[in-house]
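J.: Structure provided below as structure tokens; questions to follow.
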Amino acid sequence: MGNDEHSQNVFKKATEQGLAPLAYCDLMEQEFRKTWERLDLSFDDFIRTTQPRHEAGVIELIRRIYAAGDIYEGVYEGWYCVSCEEFKQEKDLVNGNCPLHPTLKPEWIREKNYFFRLSKYQQPLLEHFAAHPEFMQPENRRNEILRLIEGGLQDISVSRAGQSWGIPLPFERSSVVYVWFDALINYASAVGLGTSLRCSRNGGRRTCT
């Protein structure tokens with residue numbers, strides 16, 4: 001089980017309640033645990049994206065990708081849905097609004113971002129699936145992913161600028177790891193990615209060495 005906590009919506013809610021974001025997340029963890037106890041649910045492990053072991057995993061993976069030359073600086077410009085915390089393409093909007101939040105107008109944002117070269121891996125992924133069809137199962141899901149890859153992969157943002165709530169990029173501490181990139185690494189940090197690093201928190205400042 002786990003909590004994805006580096007959300008700007010979390011930051012906003014904590015501010016509205018006069019709490020530090022981490023204190024707000026601590027309260028939410030207790031609420032989740034009470035719910036699971038009432039439902040008689042158990043788990044072997046519980047990880048939060050604000051835990052040092054997760055931060056260590058994120059830093060480790062970001063460093064590996066950066067060292068491989070697969071992260072570059074660029075500018076992202078587009079419609080941003082605050083509730084989804086996600087940039088939306090024009091074709092995905094309905095009457096100019098996010099279909100998931102039709103009463104909220106997306107914001108037009110232009111900011112410096114760091115991008116992961118996902119497009120670089122389109123052909124290698126197709127070749128891997130062709131050589132190892134058993135790699136992803138069941139077949140209908142493999143076919144779904146194949147259609148997605150064949151439709152073209154675009155480089156994705158791995159950072160947000162001008163925000164304090166999140167894990168700072170190790171090579172650009174004025175930016176934090178984008179929440180949706182951060183959250184997915186949770187699966188790897190939960191099983192030990194980054195265990196060679198030590199992360200600590202001094203007030204609001206994090207360090208990983």
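J.: Could you pull out the residue among Asn143, Asn202 that is at pLDDT below 90 and out of contact with any strand residue (DSSP E or B) (no Cβ under 8 Å at 6 or more places or on another chain)?
T.: Residue meeting the stated conditions: Asn202.
J.: Taking the conditions exactly as written (of a type outside the set (D, E, K, R), exposed (fewer than 15 other Cβ atoms within 10 Å of the Cβ) and touching a strand residue (DSSP E or B) at 6+ places or on another chain (Cβ under 9 Å)), does Phe115 satisfy them or not?
T.: No: the conditions fail for Phe115.
J.: Picking from Ala23, Ala14, which residue would you name as being of a type in the set (A, V, I, L, M) and either open to solvent by 50 Å² or more (accessible area, probe 1.4 Å) or out of contact with any helix residue (DSSP H, G or I) (no Cβ under 6 Å at 6 or more places or on another chain) (or both)?
T.: Answer to the check: Ala23.
J.: From Arg147, Arg173, Arg141, which residue is part of a strand (DSSP E or B), without any contact (Cβ under 8 Å) to a residue 12 or more places away in the chain and surrounded by fewer than 17 Cβ atoms within 10 Å (Cβ to Cβ)?
T.: Arg173
J.: I'd like to check something: does segment 98-107 contain any residue that is of a type in the set (Asp, Glu), open to solvent by less than 70 Å² (accessible area, probe 1.4 Å), touching a strand residue (DSSP E or B) at 6+ places or on another chain (Cβ under 6 Å) and not in a helix (DSSP H, G or I)? Break it down into steps so the answer makes sense when it comes.
T.: Residues of segment 98-107 of a type in the set (Asp, Glu): 107.
Within this subset, residues satisfying the condition of being open to solvent by less than 70 Å² (accessible area, probe 1.4 Å) are none.
Checking segment 98-107: not a single residue is of a type in the set (Asp, Glu), open to solvent by less than 70 Å² (accessible area, probe 1.4 Å), touching a strand residue (DSSP E or B) at 6+ places or on another chain (Cβ under 6 Å) and not in a helix (DSSP H, G or I).
J.: Counting only residues that are open to solvent by 90 Å² or more (accessible area, probe 1.4 Å) and modelled with pLDDT of 95 or more, how many does segment 41-66 have?
T.: Residues of segment 41-66 open to solvent by 90 Å² or more (accessible area, probe 1.4 Å): 41-42, 44, 63-64, 66.
Within this subset, residues satisfying the condition of being modelled with pLDDT of 95 or more are 63-64, 66.
Of the residues in segment 41-66, 3 are open to solvent by 90 Å² or more (accessible area, probe 1.4 Å) and modelled with pLDDT of 95 or more.
J.: Go through segment 54-97 and count every residue that is part of a loop (DSSP other than H, G, I, E, B), under 26 Å from Val191 (Cβ atoms) and touching a residue at least 60 places away in the same chain (Cβ under 8 Å).
T.: Residues flagged as part of a loop (DSSP other than H, G, I, E, B), under 26 Å from Val191 (Cβ atoms) and touching a residue at least 60 places away in the same chain (Cβ under 8 Å) within segment 54-97 amount to 1.
J.: Here is a check on your reading of the model: is His6 touching a strand residue (DSSP E or B) at 6+ places or on another chain (Cβ under 8 Å), part of a loop (DSSP other than H, G, I, E, B) and surrounded by 15 or more Cβ atoms within 10 Å (Cβ to Cβ)?
T.: yes
J.: Take the conditions surrounded by 12 or more Cβ atoms within 10 Å (Cβ to Cβ), touching a residue at least 60 places away in the same chain (Cβ under 8 Å) and within 18 Å of Ile71 (Cβ to Cβ) and apply them to Ile185. Does it pass?
T.: When the stated conditions are applied, Ile185 passes them.
J.: I'd like the full set of residues that are assigned to a loop (DSSP other than H, G, I, E, B) and touching a helix residue (DSSP H, G or I) at 6+ places or on another chain (Cβ under 7 Å), limited to segment 117-138.
T.: Residue satisfying the conditions is Met136 alone.
J.: Restricting the search to segment 67-78, which residues are open to solvent by less than 60 Å² (accessible area, probe 1.4 Å) and at pLDDT below 90?
T.: Gly78
The values are calculated or read from the model by the stated rules, or taken from the named source; none is laboratory data. Values in this document were obtained by computation on a predicted structure and should not be read as measured data. So basically every Cβ, Gly included, is an ideal-geometry build from the backbone, and we count neighbours across all protein chains shown. With ligands, DNA and RNA removed, areas are computed over all heavy atoms of the protein, side chains included. Shrake-Rupley method; radii C 1.70, N 1.55, O 1.52, S 1.80 Å.
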